1. Place the peptides 19-29, 196-206 in order of packing, highest mean first, counting for every residue the other Cβ atoms within 10 Å and averaging per peptide.
2. Given the C-alpha centroids of the range 214-240 and the range 252-268, what is the distance between them in whole angstrom?
3. Can you give me the Cα centroid spacing of the range 130-196 and the range 32-50 in angstrom?
4. Using Cα-Cα distances under 8 Å and only pairs 6 or more residues apart, what relative contact order does the chain have, in percent?
5. Round to the nearest 10 and give me the degree value, 0 to 90, for the angle of helix 173-185's Cα axis relative to the longest principal axis of the chain.
6. How large is the convex hull of the C-alpha atoms of the range 65-220 per residue, in Å³?
7. Per residue, what volume in Å³ does the convex hull of the Cα atoms of the range 1-148 enclose?
8. Where does the chain land at 222 nm, in deg cm²/dmol rounded to the nearest 500, when only DSSP H runs of n ≥ 4 count, each adding -39500 (n - 2.57), divided by all residues?
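We did not get these values from a lab; they are worked out from the coordinates using the rules stated. Given the structure is predicted, the values throughout are model-derived calculations rather than measurements. Backbone-built Cβ (ideal geometry, glycine too); neighbour counts: all protein chains shown.
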């Protein structure tokens, strides 16, 4: 009986010790703190170890294609802005094949929360270098050490005009949950980049490694997430990885600018085709 239960669809299939357990816990805490009903939340996932997360969450879920998390999440938000939309990607899904979608959704300030589970490796496919892999790191695809310089997601977001930029650590669930909660309250695009160890394929960036290398911005004297210059300063520190709410500003969301009435979502409109009118249009092009 125990063996059968271990393969139940509600039991996560992640490796023991995977950072995704902390991400999952933090997201549940944030949803509970906001008092969200299952029908008010949509979780969109991409391809990667994170991709099964919405299978374990009592809410709407959509498992998309690799790198296409943002188009799906954006479409859902525009069709029904009343919904709380949370998109989840890995570092490869977000910063490689999905990088263009990420930048444009961010600069448009679409009102959704984007959780990026960054383990600095392609974990699902067993250990190739990802866009965030450290320079020189030996991986399955870089046996002589990675020759690519890594991408920093929060720095990209700040440069692209992000309005809510945060970074958390899956080993600090309570702190991470508070960041996700604040991001879900933000009126606009909220990036939550998460340092999440892959205990199977990345033996360098471990829980202990991150604990030695992170610095909480709220512990820095006089730090304000409203100060963009300070945000650049902490993100440019080569010795420490900044975690916490790094930057926030107020700006109209995309759906506020493009939708005629946010209180009358497209999803609730009568979209029945006006056959006579459509016939007249067709006649003009015959």
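1. Ranking, from highest mean packing down: 19-29, 196-206.
2. Centre-to-centre (Cα) distance: 35 Å.
3. Taking the Cα centre of each part, the range 130-196 and the range 32-50 sit 19 Å apart.
4. Details: 559 pairs, mean separation 51.7, N = 286.
This gives 18 percent for the chain.
5. Value to nearest ten degrees: 30.
6. Convex hull of Cα atoms, per residue: 115 Å³.
7. Numbers: hull volume 18.5 nm³, N = 148.
It is 125 Å³ per residue.
8. Numbers: 10 runs with 89 residues, N = 286.
For the chain, the value works out to -8500 deg cm²/dmol.
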